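A short worksheet on the structure shown next.
The values are calculated or read from the model by the stated rules, or taken from the named source; none is laboratory data. Worth saying up front: this structure is predicted, and the values here are computed from it rather than measured. Counting neighbours? That spans all protein chains shown, and the Cβs are built from the backbone with ideal geometry, glycine included.
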Amino acid sequence: MNKNYSAFDIIGPVMIGPSSSHTAGAVRLGKAAAAIAGSDVEKVTFFLHGSFAKTYKGHGTDKALLAGVLGMETYDENIKYSFRIADEANLKYEFVETDLGDVHPNTVKFLFKKKNGDELSVTGSSIGGGSILITEVEGEEVEFTGDFPTIITSHYDRPGIITQVTSILSGMGVNIAFMKVFRTTRGDKASMVVETDSPVPKEALDLISKIDNIIKVKIINPV
Amino acid sequence: MITSGHELLELCEKENKSISEVVIEDQIKALGLTREELFEKMRVNLNVMKRAAKLAVEEDIKSVSGLLDGDAKRINERNLKGDTICGDRINRAMTRALSCLEVNSSMGRIVAAPTAGSCGILPAVLITVAETNNSSEENMIKALFTASAVGGIIAHNATVSGAEGGCQAECGSASAMAAAAAVELSHGSPEMSLDAAAITLKCVLGLVCDPVAGLVESPCAKRNAMGAVNAMAAADMALSGIKSIIPFDEMVMAMYKVGRSMPCELKETALGGTAATPTAIEISKKIFGKD
Ligand code: SF4
C-alpha cells in the first residue's frame, strides 16, 4: 500500500502461470543456480523445502526449476515440457522433499553434480512476485537477488581486499549498486557479493582473480 | 501517478478528457516513453490476452493438477447451440475468462491483470465488449489504460493481493478495472466508469480467498467467470445513469478494511472457506499425496 504503480505494474507482466512465485521465481532460481554451477553438469538434485516441498507438484514448481537450469526465460511456454527437454539433453534430475531449517517457505537447495565428479550447492528462495534471493553458494552464506550483474568472491579474510576489488571496478567505470561481505564460521574464509549497475567486463574479473588471497571469483548475469 | 478516483475525475473534468487520455499522458511522463512506445507496450499485453482468452477453446488444455479440464470448451459448445439462459454475450465472456484461467493453470502464457489468479476477468470483458461495439484495437488499448488506473488506485490505497485482502481484492479489483474499461469502450463518462467500478466492488465485498489445495484453479476459474459478469452488469447499471451511492474511493477503503479484518484462514492459506471443505481436503490429498 502507498507505493506508486505504473500501468504495467497493474496490467502485466506477461507471465507463465500459475503464479509468479512458483513459476517465474522458480525459473529465475534455476537460472541463477545454473549460472553459478557453470557447464558440464551431469545431474541436478533439487531439495525442496516448506511450501515448495508441499505444493510443487500442483504448481509445476519442479518443471519451472528445471526449466531455469536449462536456461529458459520466465515467459517461455516450453517450461511445462522441461522434463522432456532435460531428458533429450541427457541432464539427470531428481526432486527431494526436505527440511532446510529456519528459511523462507519457498526455498530450494540445488546440488549440481559435474561430469568430473565435482559437486556444488546453491540455495535460494522465491520471495514473491517473481523476486528471488540466493542465500548460499558452495556452503558459503551470500545474499543477492539476480536483478543485477553479481560478482561473488571467495577469499581469505585479509585487510585491503575489498578496497582492491572496488577500485578495480571503479577504474573500469562500473558502479556498485550493493555490496555485502560474509565471513564463514570455518577457517578465515570470507565471501563478498557485489551487485553492479552495469555489466562487468571480463578484464575486471581477471584482475580481481589475481588479487592476493582471492581464492575464486564468479560473475552471475542478471536472471 | 494518480492516486485517487477523486483526483482522476478532477483531471478529466478540468482538461475535458477521458480517463484513458489522462492516464496515458500521466504514464508518458512517469515512464519517460513516447505515446507510440506506451501503446506498443500495452499492445503486447493485449495480444497475449487475446490469445489466452481463446486458447483453451481451440486446444485441449489441462491444468498441472488436473483440476481444470475443458470447462471453457464446455460452456462454448453449449453457447454455440444458442439455448443459454444468460445469452450469447455473457456466455462468450465467461468462456474467455475460463480460458485464461485454464491457460494459466496449465503453465501457459497470460497477463497478470492485476494478478495471475484474476487474469481472466479483464480480457473477457474487454474483448467481449469490444466485439459488441466493434471497437478498434486502439480503443481497446486505451481501455486497458483506464483499467490500469482503477487497479493502480486500488493497489495504492488498499491491495490487489488475495493473501492480503482476500479474493475481493484480487478478482474484485479485476472486476472493478474491467467495469471501468467497459464503460469507456461504450462511450460512458469518466464518472460512469468509476461508478461502475464502485458498484462492482460493492458486489464482491467480503469475498474470501480460499483456493482448493492452494492452487489458483478452484474456485478461482469460476470467480473469474463471475467477475466478468459482475463487471458487465455494473457497467450496464452505470451506463444507464445509476449512480454508486458510495463513491469509488470510499469503496476502495471499505474493501481494504474488510480485507484487513478477515482472518488469515480466509486469505490464500487454503485453511478456510472452499479450501476447508471435506471434498477440497480429499482433492488436496490426491494431488499432493499427503495432508
Ligand atoms: S480465491 Fe484466492 S487464489 Fe483464487 S482467484 Fe481468488 S484471490 Fe486468487
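Annotations
- Among residues that are in contact with a Lys or Arg (Cβ under 6 Å, 6 or more places away or on another chain), more than 28 Å from A:Phe178 (Cα to Cα) and surrounded by fewer than 22 Cβ atoms within 10 Å (Cβ to Cβ), A:Phe83 is not included.
- Note on the stretch B:158-182: residues that are within 14 Å of the chain's Cα centre (by Cα) and assigned to a helix (DSSP H, G or I) amount to 17.
- Number of positions in the stretch B:251-291 that are closer than 22 Å to B:Ile153 by Cα and without any contact (Cβ under 8 Å) to a residue 12 or more places away in the chain: 2
- One residue stands out in the stretch B:215-245 among those that are more than 14 Å from every other protein chain (Cβ to nearest Cβ) and within 9 Å of the ligand (Cβ to nearest atom): the one that is surrounded by the fewest Cβ atoms within 10 Å (Cβ to Cβ), namely B:Pro219.
For (1) within 16 Å of the ligand (Cβ to nearest atom); (2) under 28 Å from B:Ile90 (Cα atoms); (3) under 16 Å from the mean Cα position of the chain (by Cα), each residue gets a yes or a no:
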{"position": "B:Met192", "(1), (2), (3)": "no, yes, no"}
{"position": "B:Phe248", "(1), (2), (3)": "no, yes, no"}
{"position": "B:Val258", "(1), (2), (3)": "yes, no, no"}
{"position": "B:Met262", "(1), (2), (3)": "yes, no, no"}
{"position": "B:Pro278", "(1), (2), (3)": "no, no, no"}
{"position": "B:Ile281", "(1), (2), (3)": "no, no, no"}
{"position": "B:Lys286", "(1), (2), (3)": "no, no, no"}
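- Filter result for A:Ile16 (in contact with a Pro (Cβ under 6 Å, 6 or more places away or on another chain), buried (at least 23 other Cβ atoms within 10 Å of the Cβ) and of a type in the set (A, V, I, L, M, F, W, C)): no
- Residue selected from the stretch A:47-87 under the condition outside any helix (DSSP H, G or I) and on the phi > 0 side of the Ramachandran plot, by the criterion nearest to the other protein chains (Cβ to nearest Cβ): A:Gly60
- Checked against (1) crowded, with 23+ Cβ neighbours inside 10 Å; (2) more than 16 Å from the ligand (Cβ to nearest atom); (3) of a type in the set (A, V, I, L, M, F, W, C), B:Met253 passes all but condition (1).
- Scan of the stretch B:121-133 for residues that are within 14 Å of the ligand (Cβ to nearest atom) and within 11 Å of chain A (Cβ to nearest Cβ), ordered by number: B:Leu122
- Conditions (1) part of a helix (DSSP H, G or I); (2) in contact with a Gly (Cβ under 8 Å, 6 or more places away or on another chain); (3) of a type in the set (A, V, I, L, M); number of the one not met by B:Leu122: (2)
- B:Cys86 more than 16 Å from the ligand (Cβ to nearest atom), part of a loop (DSSP other than H, G, I, E, B) and either surrounded by fewer than 24 Cβ atoms within 10 Å (Cβ to Cβ) or within 10 Å of chain A (Cβ to nearest Cβ) (or both): yes
- Look at (1) modelled with pLDDT under 95; (2) in the same structural domain as A:Ile215 (by TED's automatic domain parsing); (3) among the aliphatic types (A, V, I, L, M) and you find that A:Leu169 fails only one, number (1).
- Scope the stretch B:134-181; condition touching a residue at least 24 places away in the same chain (Cβ under 8 Å), more than 16 Å from the ligand (Cβ to nearest atom) and surrounded by fewer than 24 Cβ atoms within 10 Å (Cβ to Cβ); matching residues: B:Ser135, B:Glu137, B:Glu138, B:Asn139, B:Met140, B:Ile141, B:Lys142, B:His156, B:Asn157
- Count of residues meeting criterion [touching a residue at least 24 places away in the same chain (Cβ under 8 Å), within 21 Å of B:Asn139 (Cα to Cα) and out of contact with any helix residue (DSSP H, G or I) (no Cβ under 6 Å at 6 or more places or on another chain)] in the stretch B:19-37: 2
- Within this structure, B:Ser65 fails the test of being away from the ligand (no atom under 15 Å from the Cβ) and either under 30 Å from B:Glu25 (Cβ atoms) or crowded, with 24+ Cβ neighbours inside 10 Å (or both).
- Some residue of the stretch A:61-77 being farther than 30 Å from B:Gly108 by Cβ, small (Gly, Ala, Ser) and within 16 Å of the chain's Cα centre (by Cα): no
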